[in-house]
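Taking it in order: structure first as structure tokens, then the write-up.
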Amino acid sequence: MQNNHPYKKIQDLQRRIAVYDDEAAYKELFFFFFHSLTKFSAGIVQSKETAEEIVSDVFISIWNDRARLQEIEDLQLYLFIAVKNNSIRKLKQQSKTRTVSIDELAVEMDSAYQDPEAKVLSAESLQNIEQVIEHLPHRAKLILKLAKEDRMRYKEIAILLNISVKTVDHQLAITLKKLATALGATFRKKK
């Protein structure tokens, strides 16, 4: 289990919503996930407004069926899968003939400047990292985002993307190797 993963907080909010109909906990849960779920959905539907609507609809259904919320073992994974399914359904409604592949999804990473550790890196290092990430295949970029930004476990990513855990591990290993090479080149230049 990864450190700093807020599973306990999520479970507490989940319990408070299910058992006590706690609206404050519901709002906290909504704002905790809204940004990452909206970005994930926007990568599928290619519209921020539609993505926000989809995420809001998922949360409305969570509230409407809150008594059963305790039955969900991994709420983060459940939310991502619900948003993925609703996003794909919405896309199919908009274009009846087109199918969507995970490899076609637009993936947008948050700025590295939001991470305190990243502030220590030089501008050149950040530029190299962003360049490597930008040139990653869509699936690799999505896996990196889900693992590092959304802090999902490999198993959760595998379930969400309908791929094996080994594929997740392999994709991340390749991506991290590319990032390490880019960082190594930056530091070699400075010596």
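Every number here is computed from the coordinates shown, using simple stated rules; none is lab data. Computed from a predicted structure; not experimentally measured. Note that we place each Cβ from the backbone using ideal geometry, even for glycine, and neighbour counts take in every protein chain shown.
Below, the figures for the structure above:
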{"item": "Signed unit charges on C-beta, dipole axis of the stretch 7-94, positive-most listed residue PHE30, ILE60, SER41", "result": "SER41"}
{"item": "R0 of 22 Å, Cβ-Cβ distance GLU53-GLU23: FRET efficiency to nearest 0.05", "result": "0.55"}
{"item": "Calculated P(r) tail over 19 Å for the stretch 7-94, as whole % of Cα pairs", "result": "35"}
{"item": "Exposure proxy order (Cβ contacts within 10 Å, fewest to most) of LYS148, LYS84", "result": "LYS148, LYS84"}
{"item": "Inter-label distance for ALA173 and ARG68, nm, one decimal - labels placed 7 Å from Cα along Cα-to-Cβ", "result": "4.0"}
{"item": "Above-threshold pairs, the threshold being 31 Å between Cα atoms, out of LYS90/LYS155; LYS9/LYS39; LYS90/LYS177; LYS9/LYS141", "result": "LYS90/LYS177"}
